[in-house]
Structures are given as C-alpha cells and as structure tokens.
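Structure, as structure tokens:
The values are calculated or read from the model by the stated rules, or taken from the named source; none is laboratory data. Please read these numbers as outputs of a predicted model, since none were measured by experiment. Because the Cβ atoms are built from the backbone with ideal geometry, glycine has one as well, and the counts that use them run over all protein chains shown. These accessible areas exclude ligands, DNA and RNA; they are computed on the full protein's heavy atoms, side chains included. Shrake-Rupley method; radii C 1.70, N 1.55, O 1.52, S 1.80 Å.
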Amino acid sequence: MSERIVIIGGGVIGSCIAYYLTLRGASVILIEKTAIAAAASGKAGGFLAYDWNDSGPLKDLSRKSYTLHAELATDMGVAYGYRKLDTLSMATCDAGVKYKKSPSIKTPFPEWVTGTVLGCSSIGTSATTAQVHPGLFSHALIKESEKRGLQVIIGNVETILLSDDASEDIIGVRVQGQEDISCGKVVLALGPWTNKAREWLPADKANSIPQIAAIKAHSIVLRPTAPITPHALFLAYETEEGKHEEPEVYPRPDGTIYMCGAAELDAALPDDASLVRPSEGKCESIYRMAQTLYGKVAGEVEKSQACFLPESHKGHPYIGKVMTI
C-alpha cells in the first residue's frame, strides 16, 4: 500500500484500523481531537462475547472479533487487561424490597456478592466470554502502530478536501492551525461524533454520512477490600422505590471493579470528549447498588465517569464506503 490513509478518531476502532493498516505496510496518519481513548474507549467496560450475536447478522463479525482479541493478546505480548472469565446473569434488589417468589439459584454466585440474590444463572464461560481494558488496549495498539510508521496528530479537523475536477476525489484533510494533509482515503472512526463529519463536506456529499445517535452511560471504578474472582455480572436490580436497573459488573485483572449503568437517552452530546461529565446522582446511584451488593468489600470509588456510546438506526455498525465520496 503506497497511498496515504487518514483515520479520523483515536478510539478503539481507529486504533485497531491503524494497527492492521500499518501491519500491511500502509502509510497512515491518525487525527484525534482530544487524546487517544478519550471517550468511550477509555471509559467502557470492555466485555467480549463469542456467540451472543449468533441469532443475527453480526454473528460472523462477533466471532471473528472475539478470536482476534485472543490472538492479539498473545501476539502483542502487552498487558492491557485481557483475560477470559465466567459470566453470570443475576437478579438482586435493595435490602428493603419484599419479594414473593422463591430464589432461583441455578449457578453458584461469587462469595464477594453478599447482598440479596433472587436468581443466578450462567450466560457465559471462559470459553465464550472475556474482557479487555479498552483504554489500555487502544494505547497498546497505537504504540505498536507507531513502531511501523503511524503518525498521530492531535488537532481539530476543519475540512475533508476534494479535488476540483469532475471526479471530486478525496485529496486531503485540513486540520486547524496546521498544514493540509494530503491523502487518498479517509476513514471515519468518530463514534457518536460521526455526525460532525457532515460539516467537513459539501452539502451534496454530507447527507451520505450516516446519522449516529449518542447514549450517555455512567460508570465507577472501585478498589475493593478483598480479592475478587473473575466473574462478569449482568444484573437485574430492583430498588426500594420500585425502579428496575440493569447495571453491569466487570472485575479487572488489576484488582479493581468496573461497574456501569444509569444510561441517559436524551443527554446532549458536547463538542469535545473532554467536556463529558457525569450527570448529577448517576454515579452515586451505581455506588449505592455496589455497596448493597458487595457490602464492605465494595471499598472506595477510584473513578466516577461518563461517556457517550454510539448507536446506529438499526443497532448495527456502519462499515464500508460512503456512497457519494
């Protein structure tokens, strides 16, 4: 590959694309507005499942992704939080909730779960589920790619440059305050900020960029007071107020517990990932559930954070050429 390729977006998708393009000998520049893994790629849970999409069109992609993660963990030889683990579905509740049905415990649950458990079943084993720290993973990919010539530019894209002739081919990218970057191809890896790319193109081209919605998610990172076994937990949690929450719990190899939930569908997406802040009370609500579930083992909160997750119209990823460019 001799033609330069510009990737816009330094999250896990952009980092992976850079890794595999440079592996094939491509000349690649990655442009990121804020920092590598500044958004969801630095604040998400990093859960991986082999066969959870088998009933839909993403079956082959999901299985290939899961297999590639296992291969990369071996090939790169870098500790970025990858490991296989068991996964449980659990029903639980606040201490004051009165429940009528008898508990249905089909699978033993971890000893560090000391709260009320109304149901527990296995939904994944170390053969089919795993985890990775997406922020550490993204940085590891970038570091390996830089060894093969990747150039990372932190800057604000202003325009995607097109040729003046009838072909209107891509010829470069303009970054605020820098010289124009010549290239023959541009890859958009912007997650929930994909809609921003419409501003970089002429009006007749802009509508080819797919519309991506943004869902705000909250999470905390705990430092527990006792060792935690590698069990990912998908919870159905009922509060004393009768609310039904669906937090997810991912113990990490570094001894911390990542716990997320409290999604917001109508939160405004800021222009910059560095401006994302947790909404009032959301992280506190997750911590309260953690204390109910783990008791004193929950320990202290090391991080309270929020991020925006991308969501397409049909819930499937957009992969491929933008039709009119």
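Would you mind getting me the FRET efficiency between LYS59 and THR114? Use the beta-carbon distance for r and R0 = 30 Å, nearest 0.05.
Once the sixth-power term is evaluated, E becomes 0.20.
Which trypsin sites (Lys or Arg not before Pro) does the range 281-325 hold that lie in a coil by DSSP with at most 10 other beta carbons within 10 Å?
Within the range 281-325, the qualifying trypsin sites (Lys or Arg not before Pro) (loop, at most 10 other Cβ atoms within 10 Å) are LYS314, LYS321.
Once the whole set of protein chains is in place, how much accessible area is left on ILE212, using a 1.4 Å probe, in Å² to the nearest 10?
Counting only protein heavy atoms, ILE212 exposes about 20 Å² to solvent.
At 0.36 nm per residue, minus the direct Cα-Cα distance, what do ALA213 and ASP169 gain on full extension? Give it in nm, one decimal, please.
Computed gain between ALA213 and ASP169 is 13.0 nm.
Past 27 Å, Cα to Cα, is the threshold; run LYS43/LYS64; LYS64/LYS321; LYS59/LYS196; LYS143/LYS303 against it and keep the listed order.
Result: LYS59/LYS196 exceed 27 Å.
Let's see if you can work this out: charge +1 on each Lys and Arg Cβ, -1 on each Asp and Glu Cβ, no other charges. What is the dipole magnitude of the range 1-104 about its Cα centre, in debye to the nearest 20?
That gives a dipole near 360 debye.
Could you check how much of the accessible area of the range 1-102 is carbon and sulfur, as a whole percent, using a 1.4 Å probe?
Whole-percent figure for carbon plus sulfur exposure: 52.
Under 15 Å from the Cα of LYS296, which aspartates and glutamates turn up, not counting those fewer than eight places away in the same chain?
Of all the aspartates and glutamates, those that pass the test against LYS296 - Cα under 15 Å, at least 8 places apart if same chain - are GLU111.
What FRET efficiency, computed as 1/(1 + (r/R0)^6) with R0 = 22 Å and r the Cβ-Cβ distance, is obtained for ILE154 and ARG4, rounded to the nearest 0.05?
For ILE154 and ARG4, the calculated efficiency is 0.75.
If you fit an axis through the alpha-carbon atoms of helix 134-147 and take the longest principal axis of the Cα set of the chain, what angle between them do you get, 0 to 90°, nearest 10?
30
Treating only the Cβ atoms of Lys and Arg (+1) and Asp and Glu (-1) as charged, compute the dipole magnitude of the chain about its Cα centre; round to the nearest 20 debye.
The dipole magnitude comes to about 800 debye.
Out of [x] 20; [y] 10; [z] 25, which label holds the value of percent of Cα pairs over 38 Å apart that was computed here?
Of the labelled values, this structure produces [x].
Classify the range 1-74 as rounded, prolate or oblate, taking a ≥ b ≥ c as the square roots of the eigenvalues of its Cα gyration tensor: rounded when a/c is under 1.5, otherwise prolate if a/b is larger than b/c and oblate if not.
Taking the square roots of the gyration eigenvalues as a ≥ b ≥ c, the range 1-74 is oblate.
So with the 1.4 Å probe, I'd like the accessible area per residue for the chain, rounded to whole Å².
Value for the chain: 51 Å² per residue.
Mind ranking 79-91, 46-58 by how tightly packed they are, going by the mean number of other C-beta atoms within 10 angstrom, highest first?
So the order, starting with the most tightly packed, is 79-91, 46-58.
Compare the peptides 3-12, 110-119 by average per-residue count of other Cβ atoms within 10 angstrom and give them in order, highest first.
3-12, 110-119
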